[in-house]
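The values are calculated or read from the model by the stated rules, or taken from the named source; none is laboratory data. From a predicted model like this one, the values you see are computed outputs, not experimental measurements. A quick note on method: Cβ atoms are made from the backbone with ideal geometry, for glycine too, and the neighbour counts reach across all protein chains shown. When the accessible area is computed, the model is the full protein with side chains, heavy atoms only, and any ligands, DNA or RNA have been set aside. Shrake-Rupley method; radii C 1.70, N 1.55, O 1.52, S 1.80 Å.
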Amino acid sequence: MTATVRRRKRPGNGSRPATRPLAKAPTGIPGLDEITNGGLPRGRPTLICGGAGCGKTLLAMEFLVHGALEYDEPGIFMSFEETTDDLAENAQSLGFDLRRLSARRRLLLDYVQLERDKLTESGEYDLEGLFIRLGQAIETIHAKRVVLDTIEVLFSGLSDRLLVRAELARLFRWLKTKRVTAVVTGERDGEHLTRHGLEEYVSDCVILLDQRVMEQSATRRLRILKYRGSAHDGNEMPFLIDDHGVSVLPITSLGLAHQASSAHLSTGVAGLDAMFGKKGFFRGNSVLVSGTAGTGKSSVASHFAEAASQRGERCLYFAFEESPTQIARNMRSVGIDLEPWARRDLLRVHAQRPTALGLEAHLVTMHRLIDDWKPRVVVVDPVTNMIAVGTETEVKAMLARLIDFMKLRQITGLFTSLTEGGGAAERTDLGVSSLMDVWMLLGNLEANGERNRTIQIVKARGMAHSNQVREFVMTDRGVVLLDVSRRADGSVAIGAARDARQPPAPGSDPKPRRRRGVK
């Protein structure tokens, strides 16, 4: 006999109880609010830990400044190491006027002097004095945010670890009772996150900062180790400190949610447009132009930049090999005059050696220039030079973030890539072809004592395109694709062989005037 088991019905309509999202305080720091899904836990303590020089104090200060300026949340910065004057001077270098915020009662700076060599244990130790001082400051400016920097100094003269742990726990409980969003900084101690080993357990959120040197290049990393009551990204994220403050570069925050446009843009080369069905690229596409040295990659990129300017669209050109004047001079030799468009501010060339910055700094610079100027077209020439400041995996991740960033803004990007000679033609040295919507391969065929340039479309997502390998020449009118000339056996004749098969008509130009040595 089989017993029937009846499930108990849930009260109401049987649906799951409604979830209530955790209240959060936005930091205002680019990238950090993305990976924390909105900011730090509101009304709860957050621990920021790391070694010396990794950016703990700066990140905490920026959290306060953005709160005061952007979210109407006054803040208190209580320092146990730096004086208020030192804090104000350091922040001024990043454009933060702490003295002005203090005068407007949006920020209160407090320096508690605790000299480690003068601290001695005498009698019972507690934090009542700190609670009174901090509580009065909170009431004075109605503070919503509090920073304590750094917590180790507060207990540096005590040897009783049990007492230290008890007072630490009491401090974090007290901060919660005041309903302030608190940030406590701590120094990393060897394999432990903090010196006392308790802060990470009593904090609701723990952020670990790290600075490492790889191949003579320093890189800062951020990771969220813990976030009670909230989903978060647990990956290591590179972050940058520059004259704009802290910028976190989420590796996985940009997804595939961009809109796909059906509008087309000219390549700037009539024959190349014809290979794309006389239409060119889709707007917002990522385009890769690869080839060995001297195949004409920069010339094709400059044609594309010139075509954008002719349409009245802004083009931002990132050059990692040549200066702006050198690019302009070289392109004039093939009939591409970029200087008029630069004077009309339709074309800007940002030239910089890859080794001048790390990958993260380059990416942040690109983001800011794009956000500030808002171009419709971006050229990066060449992306392969980035391998000088990162591994192939790191460069590919950086390009993926840049491409997603531009796609979300419907910006069409053209990237040139150098392929080493002697290898497989249909490959890129960084393996980035899978990230691209369009891939054009340029070549240099050597035959009959001469070298002739060719172009072919390897892929073009969503577009009909030619499957031919076309010969092209550099002329005083720029890049010109030549008509296909076939021999009797069906093979294609190029270079001198094609010229011999096509005698010029009387009075006509025998062939486009070729320019040699133009990249």
Item to check | Solvent exposure ordering (accessible area, 1.4 Å, most first) of Arg105, Arg223 | outcome: Arg105, Arg223
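Could you compute the net charge surrounding Phe77? Neighbours are other residues with a C-beta less than 10 Å from the C-beta of Phe77; K and R count +1, D and E count -1.
The answer is -2.
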Checklist entry - Using a Förster distance of 51 Å, how high is the FRET efficiency between Ala263 and Asp97, based on the Cβ-Cβ distance and rounded to 0.05? => result 0.70
Checklist entry - Once the whole set of protein chains is in place, how much accessible area is left on Lys279, using a 1.4 Å probe, in Å² to the nearest 10? => result 120
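Got the relative contact order for the range 264-500 handy, in percent, Cα pairs under 8 Å and 6 or more residues apart?
26 percent.
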Checklist entry - Per-residue accessible area for Ser485 at 1.4 Å probe radius, Å² rounded to 10? => result 10
Checklist entry - Cβ under 9 Å from Thr416's Cβ, Thr416 left aside: what net charge do those residues give with Lys, Arg +1 and Asp, Glu -1? => result 0
Checklist outcome for this item: Taking every other residue with Cβ under 11 Å from the Cβ of Leu363 and scoring Lys and Arg +1, Asp and Glu -1, one gets 0
Item to check | the range 251-399, relative contact order [Cα under 8 Å, separation at least 6], % | outcome: 23
